[in-house]
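Derivation of every value follows stated rules applied to the coordinates shown; laboratory data play no part. Values in this document were obtained by computation on a predicted structure and should not be read as measured data. Here the Cβ positions follow ideal geometry from the backbone for every residue, glycine too, while neighbour counts run over all protein chains shown.
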Amino acid sequence: MTNALKKIPAYTFLLCPTLIFFLYVHNYPNIFLENTLRSLLLSTSISFLFFTATYFIFKKNQHKAGFITLLIMVPVFSYGLIYELLESLFYKGLWPFSNIHRYLLLFLILIYTFLYFWVSRAKRSYRSITLPLNFFVLFIMFINGANLSYRIITKPVSVIKDQDFVSIKNNINDTFPDIYYIILDGYANDQTLKKFYNYPHNSLTLFLKQNGFYVATESRANYLVTSESLGSSLNHMYIDSVSKENPTKSSLIYKNEVSRYLKEHGYKIVHINSGYSVTRQNYYADETIYLKSLSEFERTLLRYTIFRLDDLLGYTQYNILKEQLSTIYELIKIKGPKFVFIHIVSPHPPYVCDADGNFKKSPPLINDWWEPKNDYVQQSKFVNRNIQNFITEVLLSSKIKPIILVQSDHGPWMKSHSLTGVYNARSLILNSYLVPDSWRNKLYNTITPVNSFPFIFNNLFKDSIPLLKDIPMDSIGMKRYRQTQEMIND
Ligand SMILES: [Zn+2]
């Protein structure tokens, strides 16, 4: 065994599986093992290719070839990590260049040129490093394995996969309407579009009004980041105390009260994957539609490795968006009464398409807030058209007039000298309701998402869930702009 470990540079091939295994263990149980297979296959093939090439370049010296492959693979698989580090330094003012990819690529080329000359001139055989490196990688594997065992014992996966028994109270019949909850991530309020984005006549709100929606024009988000905002609206409560106790705010979304309540009332719960971890799954879902583009795990790898260069193109994000917008039509066909939750992570950046949905290389090399504003508007227009078409199709296909909520989780995070402007753009949202005519006059202009579902449930099931005070709030992302109340009154 030790003899083999001395002769074969196994670490070259074990490095990527070790890294992938590490990411898997650290995301357990939120990632399924099968989601890692494609990445495992790809990364091992890459190291195999590099190894074969260097093996023949360096006269069939497997030790030298193994070592060089390692040196090549380390930057390849840590590129995104270094990128993230530099980006955070940039925001703290400790790194001067916003154009991180350019400098990082230049640095890589220099490193590789240096390595090439250094190793090709070196006389040594690199025989002595194979054994320690093999042991090192095996040791990391062992640590990962131990860590996984510990996590399996303390956090059994069944907690996520098996549902609690939900007893069905009402015998719902076909006369109950389908409920669609559509979240457009970072969608701006009309006031914001008019004032800051030079887009005064938003086609979506116009369409919604023409189709009988009530648009609450003064509505604000209860929270200013996605996980908190959706965690709050999907549980119709303020989650300030919860988020302090429970670090995984996503679990409030995965296992939300709205789905539980509707399931209890005989609704079928339908979930479509957003491609983003925050709305990856719904614990109560009877049907989940997954996207094929990229698994959440693969997106993590994409972020931390050389594939981070996809930032320059935004092609992955573009594919996910397009796939999601075409897949939502499958939801209409599912027999109701059903609750359908759709989270579309757009017009949130990156800006990857024009108003017609053609792929557009995302221009900024760093997510420079949500700029440029015109790109935001172009992407919003694309989302508008798709949502309008989708709602038209839903209305045409539904036997009973459905209940539809179109909402943003928060507004855009734009650049402005006016902190009030920045805050208002982020806080004011799109919040619209298609409900039976007899309920419409009970809606009000300043309703916040925390009261959306109590309003629906009280009217639909004659329930008496108390409405909460509508309080727009500060949150982690806006800590710098803490004077909320003063700003609103400004
Ligand atoms: Zn969001």
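Given the chain reduced to its alpha-carbon atoms as identical point scatterers, what log10 I(q)/I(0) does the Debye formula return at q = 0.10, 0.12 Å⁻¹?
Result of the Debye calculation: -0.85, -1.13.
Where does helix 100-121 land angle-wise versus the long Cα axis of the chain, in degrees 0 to 90, nearest 10?
Value to nearest ten degrees: 20.
What are the ³J(HN,Hα) values, in whole Hz, obtained from phi via the Karplus relation 6.51 cos²θ - 1.76 cosθ + 1.60 with θ = phi - 60°, for each residue of segment 440-447 in sequence order, with x given for Gly and Pro?
3, 6, 8, 7, 9, 5, 10, 4
Would you grab the residues whose amide H sits under 5 Å from the one on ASP354? Only those 5+ places off in sequence or on another chain, please, with H modelled 1.01 Å from N.
Here the answer is LYS360, since their amide H atoms fall under 5 Å of that of ASP354.
Under the rule of -39500 (n - 2.57) per DSSP H run of 4 or more residues, summed and divided by the residues of the chain, what mean residue ellipticity at 222 nm is obtained, to the nearest 500 deg cm²/dmol?
-16000 deg cm²/dmol
Can you list the residues, at least 5 places off or on another chain, whose amide H is less than 5 Å from the amide H of TYR180, using H built in the peptide plane?
Here the answer is VAL340, ILE403, ILE404, LEU405, since their amide H atoms fall under 5 Å of that of TYR180.
Quick check: residue separation of LYS399 and TYR315 times 0.36 nm, minus the Cα distance between them. What number comes out in nm?
Between LYS399 and TYR315, full extension yields an extra 26.4 nm.
For all pairs of alpha-carbon atoms in segment 301-387, what percent lies in each bin of width 10 Å, listed from the first bin to the last filled one?
P(r) over segment 301-387, rounded to whole percents: 16, 44, 27, 11, 2.
Say each of ASN358 and LYS292 gets a label point 7 Å from the Cα, pointing the same way as Cα to Cβ; how far apart are those two points in nm?
Once both label points are built, they end up 2.6 nm from each other.
Put one equal scatterer on each alpha carbon of segment 28-85, apply the Debye formula with no solvent term, and list log10 I(q)/I(0) at q = 0.12, 0.15, 0.26, 0.29 1/Å to two decimals.
Relative scattering, expressed as log10 I(q)/I(0), comes to -0.40, -0.58, -0.98, -1.05.
Residue by residue through segment 123-138, what is 3J(HN,Hα) from phi via Karplus (6.51 cos²θ - 1.76 cosθ + 1.60, θ = phi - 60°)? Round to whole Hz and write x for glycine and proline.
Per residue, the Karplus-derived 3J(HN,Hα) values read 7, 5, 8, 6, 4, 6, 8, 4, 4, x, 5, 4, 4, 4, 5, 5 Hz.
Can you run phi through the Karplus equation (6.51, -1.76, 1.60; θ = phi - 60°) for segment 433-439 and list ³J(HN,Hα) in whole Hz, with x for Gly and Pro?
Residue by residue, segment 433-439 yields 9, 9, 9, x, 3, 5, 8 Hz.
Could you give the angle, 0 to 90 degrees to the nearest 10, between helix 37-57's Cα long axis and the longest principal axis of the Cα atoms of the chain?
Roughly 30 degrees between the two axes.
Give the span of segment 2-158's Cα atoms along each principal axis, as three whole-Å numbers ordered largest to smallest.
Its Cα atoms span 54, 49, 25 Å along the three principal axes.
Round to a whole angstrom and tell me the spacing of the C-alpha centers of segment 1-17 and segment 250-316.
When both Cα centres are located, 37 Å separates them.
Enter the Cα centre distance for the pair segment 124-147 and segment 398-470, rounded to the nearest angstrom.
Spelled out, the Cα-based centre of one part sits 56 Å from the other.
Rounded to the nearest 0.05, what FRET efficiency is calculated for LYS415 and THR2 with R0 set to 45 Å and r the Cβ-Cβ distance?
The pair LYS415/THR2 has a calculated efficiency of 0.15.
Taking H placed 1.01 Å from N in the peptide plane, check which residues at least 5 places from ILE269 or on another chain put their amide H under 5 Å from its amide H.
Result for ILE269 returns ASP286, GLU287, PHE339.
Going down the list LYS209/LYS255; LYS360/LYS415; LYS6/LYS123; LYS195/LYS399; LYS209/LYS469, which pairs span over 30 Å between their C-alpha atoms?
Working: LYS209/LYS255 32 Å; LYS360/LYS415 22 Å; LYS6/LYS123 19 Å; LYS195/LYS399 40 Å; LYS209/LYS469 26 Å.
Listed pairs above 30 Å: LYS209/LYS255; LYS195/LYS399.
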